[in-house]
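Only the coordinates and a few stated rules stand behind these numbers; no lab work does. No experiment lies behind these values; they were computed from the predicted model shown. When we count neighbours, we look across all protein chains shown, and the Cβ atoms used for this are built from the backbone with ideal geometry, even at glycine.
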Amino acid sequence: MNLYNLGKVPWQESQLIYHALARLGRESLVLVSPASPYVCIGYHQDVTHEVDLDFCAANNIPVFRREVGGGAVYLDGGQLFFHVVFKEDNPAIPSTKKAFYQKFLQPIVNVYRRIGIPAVYKPVNDIIVNSRKISGTGVGEIGECVVFVGNLILDFNYEMMSRILKVPDEKFRDKIQKTLHENLTTIRRELGVEGASNWDESRLNALMAEEFENVMGSLDPCEKDAELQTKMDTLGTRMMCKEWLYLKGKASQSRSVRIRSGVTVRHQAHKAMGGLMRADFEVTDGKFANVSISGDFFCYPEDGVARLESILSGNPVVEIREVLTGFFAGCDIEIPGVGLEDWMTLLKI
């Protein structure tokens, strides 16, 4: 297997290289990071629904659509990427998704442990440190290859990540930033600025190469050659154009941002007979948290919504119908034109 340990590269090359290697059928490990920030969206997303394009344009932040699924993410030089490209018939690929992630995330877990961070693998595809996520990953099929992408997170701009997303209101944006900070950590956050300064990109990439070699066998160091560069240029012509970026995915009234395994921030809206209903909430390990309900419906007495928010928080999502039924049966709250099924629709997961 080839090793492309390239360090800092132009931002677009940090995406185009693994697409090109997959199209060429070259099994490889790529270690890169972008020289400048950008936003990357998943293959199935609608960029107009997911990303605040006006903000990105005003701040000269390019946006790119990859051929791997997942969500929109803000990427910069504080994140060190690894790309593993396998031919789809490679016998080293485990037969189940969980086994795949467990096998090929172990090198990253080992790197974190070697630098003093007690990381652990959490199914299906997270690496966790004291309940906080410390790596983002994804898998996709490109050409006749399977591509596994992920990162070491040296540092992360929580504010910018929340800012590049298209959200229904600033309240929801604040919730995303707060939840990100609570559930996503970094090398600098875990080791401190002084401790992290001992581990620059070159040293961390060398550790990743060592640990992946233990799993995948001998790695042959390579530089980009003419064939690879030509394929990257050809793909760039297609993937850097507006037609590719603006491919339509599914859009809806809901907005969901996955923070880590087991933690999601959601915005949902529903038009009931009694008015428009909105809900912002977290789902943490299958339970509602920090529920906020608003809309143009009427509620008597006025504190009824606050009481409902309080009773929802901490309850399992799977028990929502029972919780709502019991709440409305045991109180004097009236919300004209809004029934149980409206609440079920608003709060469905």
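Points worth noting:
- Other residues with beta-carbon under 14 Å from the beta-carbon of residue 111 carry, at +1 per Lys or Arg and -1 per Asp or Glu, a net charge of -3.
- Relative to the longest principal axis of the Cα atoms of the chain, the long axis of helix 201-216 lies at roughly 90 degrees.
- Local electrostatic count, residue 101, Cβ distance below 10 Å [Lys/Arg +1, Asp/Glu -1]: +3
- 0 to 90° range, to nearest 10: angle between helix 97-114 axis and the chain longest Cα axis: 70
- Paramagnetic reach from residue 349 (point 7 Å along Cα→Cβ, amide N under 12 Å) across the stretch 268-297: 282-289
- Full extension of the chain between residue 157 and residue 89 yields a length gain of 20.7 nm, computed as 0.36 nm times the residue separation minus the alpha carbon distance.
- Here the relative contact order of the chain, from alpha carbon pairs under 8 Å that lie six or more residues apart, stands at 17 percent.
- Take the Cα of residue 285, step 7 Å toward its Cβ, do the same at residue 213, and the gap between the two points is 4.0 nm.
- Computed extension length for residue 329-residue 144: 60.9 nm, one decimal, from 0.36 nm per residue of separation with the Cα-Cα distance subtracted.
- Degrees separating the helix 226-239 axis from the principal Cα axis of the chain, which is the longest one: 20
- Projected area averaged over orientations for the chain, convex hull of C-alpha atoms, nm²: 18.8
- In this label model, residue 24 and residue 96 are separated by 3.6 nm, measuring between points 7 Å along each Cα→Cβ vector.
- Rg over Rh for the stretch 209-349 works out to 1.27, both radii taken from alpha-carbon positions and Rh defined as the Kirkwood radius.
- Charge context of residue 304, other residues only, Cβ under 14 angstrom, K/R +1, D/E -1: -4
- Pairwise centroid distance, computed over Cα atoms, of the stretch 35-100 with the stretch 320-349, Å: 38
- Rounded, prolate or oblate (a/c below 1.5 giving rounded, otherwise prolate when a/b exceeds b/c) for the stretch 201-262 by Cα gyration tensor: oblate
- Using the alpha carbons alone, the radius of gyration of the stretch 96-153 stands to its Kirkwood radius in an Rg to Rh ratio of 1.00.
- With θ taken as phi - 60° and the Karplus curve 6.51 cos²θ - 1.76 cosθ + 1.60 applied, the whole-hertz 3J(HN,Hα) list for the stretch 340-346 is 4, 5, 5, 5, 4, 5, 5 Hz, x standing for glycine and proline.
- Measuring between their Cα centroids, the stretch 103-142 and the stretch 197-261 lie 16 Å from each other.
- Available extension along the chain between residue 229 and residue 178 is 14.3 nm, counting 0.36 nm per residue and deducting the alpha carbon span.
- Value of Rg/Rh across the stretch 34-73 [Cα atoms, Kirkwood radius]: 0.96
- Hull volume in cubic angstrom per residue (convex hull over the Cα atoms of the stretch 8-62): 85
- Per-residue Karplus couplings for the stretch 286-292, computed as 6.51 cos²θ - 1.76 cosθ + 1.60 with θ equal to phi - 60°, are listed in order as x, 10, 5, 8, 6, 7, 10 Hz, Gly and Pro entered as x.
- For the stretch 158-223, fraction of C-alpha pairs farther apart than 19 Å, in %: 58
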